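Chemist: Quick one: the structure is below, and I'll ask about it shortly.
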Amino acid sequence: MNFIETKLQGCFIIEPKIILDERGYFMESFNENTFQKGIGEEVHFVQDNQSYSTKGVLRGLHYQTGEHAQAKLVRVLQGEVLDVAVDIRSNSPTFGQYEAVLLSAENQKQFFVPRGFAHGFLVLSETATFFYKCDNFYNKESEGGITYNDETIGIDWQFPLENLIISEKDKVQPTIENAKKVW
């Protein structure tokens, strides 16, 4: 696996080693030892989640606060998404900045989003199956969110905003300035 650190300290794009032959392919999608060595820290995942969405569905930007903060290792099993992480660590030199990564079943890339980041994704293909590991259990009382169109962050979703399909909950999320603090 190739671990590429992004401009946001702690966020990594992970490119698997894919072995192709006439039968198809094989790849190791996760190995705890390789993963921890690649990102330089110990992370133990405790929960796996999966979602299925159609083109134009935007989920996010979400995070968990305090002792329930979560790191996520995300990938796409079918389809293509634009995956986004926003640094919401108030003491970080990249606070309010984002990283966007194209994840697809074809490129098999993964994106590691550590604790202290808001996360969201937009489905670019007709449908997509999205899979992610979390290092902490979900806790409803610790939910946080930021509006997808916060002008101070300025995310380029690479999609017509008028065609987005967004949950009622995500339509009313606050700006980064007014959002719950992650710690």
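Derivation of every value follows stated rules applied to the coordinates shown; laboratory data play no part. On a predicted model such as this, the values are computed, not experimentally measured, just so you know. Positions of Cβ are backbone-derived with ideal geometry, glycine not excepted, and every protein chain shown enters the neighbour counts.
Chemist: Please report the relative contact order for the range 44-171, taking Cα pairs under 8 Å with a sequence separation of at least 6, and give it as a percent rounded to a whole number. Can you show the working numbers first?
Modeler: Values: 301 pairs, mean separation 53.2, N = 128.
Taking the mean separation of contacting Cα pairs over the length of the range 44-171, I get 42 percent.
Chemist: Could I ask something else about it? Using the 10 angstrom Cβ neighbour count as an exposure proxy, how do Cys11, Cys134 rank, fewest first?
Modeler: Values: Cys11 21, Cys134 18.
Lowest count first: Cys134, Cys11.
Chemist: Tell me, rounded to the nearest percent, the portion of alpha carbon pairs in the chain spaced more than 29 Å apart. Present the calculation step by step, with values, prior to reporting the outcome.
Modeler: Working: 2862 of 16653 pairs.
Considering the chain, 17 percent of its Cα-Cα pairs are separated by more than 29 Å.
Chemist: Let me ask another. If I model a spin label at Phe3 and Ile18 as a point 7 Å from the Cα along the Cα→Cβ vector, what separation in nanometres do I get?
Modeler: 2.2 nm
Chemist: Just how large is the dipole of the range 44-171 about the Cα centre, in debye to the nearest 20, putting +1 at every Lys and Arg Cβ and -1 at every Asp and Glu Cβ?
Modeler: 280 debye
Chemist: Name the residue, out of Phe121, Phe112, Phe45, whose mean-square fluctuation peaks in a Gaussian network model built on the chain with Cα pairs under 10 Å.
Modeler: For the chain, modelled as a Gaussian network with Cα springs under 10 Å, the answer is Phe45.
Chemist: If you don't mind, there's one more thing I want to ask. Give me the three principal axis extents of the range 1-109 from the C-alpha atoms, as integers in angstrom, largest value leading.
Modeler: Computed over the Cα atoms, the extents are 50, 36, 26 Å.
Chemist: Tell me the mean residue ellipticity at 222 nm calculated for the chain from its helices only (DSSP H runs of n ≥ 4, each -39500 (n - 2.57), averaged over every residue, nearest 500).
Modeler: Values: 2 runs with 12 residues, N = 183.
-1500 deg cm²/dmol, from helical runs alone.
Chemist: Can you find, among Asn139, Asn33, Ile18, the residue sitting farthest towards the positive end of the charge dipole of the chain, where Lys and Arg contribute +1 and Asp and Glu -1 at Cβ?
Modeler: The one lying farthest along the dipole's positive direction is Asn139.
Chemist: Would you mind computing, in nm to one decimal, how far apart the modelled labels at Gln47 and Ile165 are, each placed 7 Å from Cα along Cα→Cβ?
Modeler: Taking the simple label geometry, Gln47 and Ile165 are separated by 2.5 nm.
Chemist: Same structure, new question: Taking every pair of Cα atoms in the range 129-183, average 1/r, invert it to obtain the Kirkwood radius, and report Rg/Rh to two decimals.
Modeler: 0.99
Chemist: Within the range 1-34, whose backbone N sits under 18 Å from a point 7 Å along Cα→Cβ of Asn91?
Modeler: Residues 9-11 qualify, since their backbone N sits under 18 Å from the label point.
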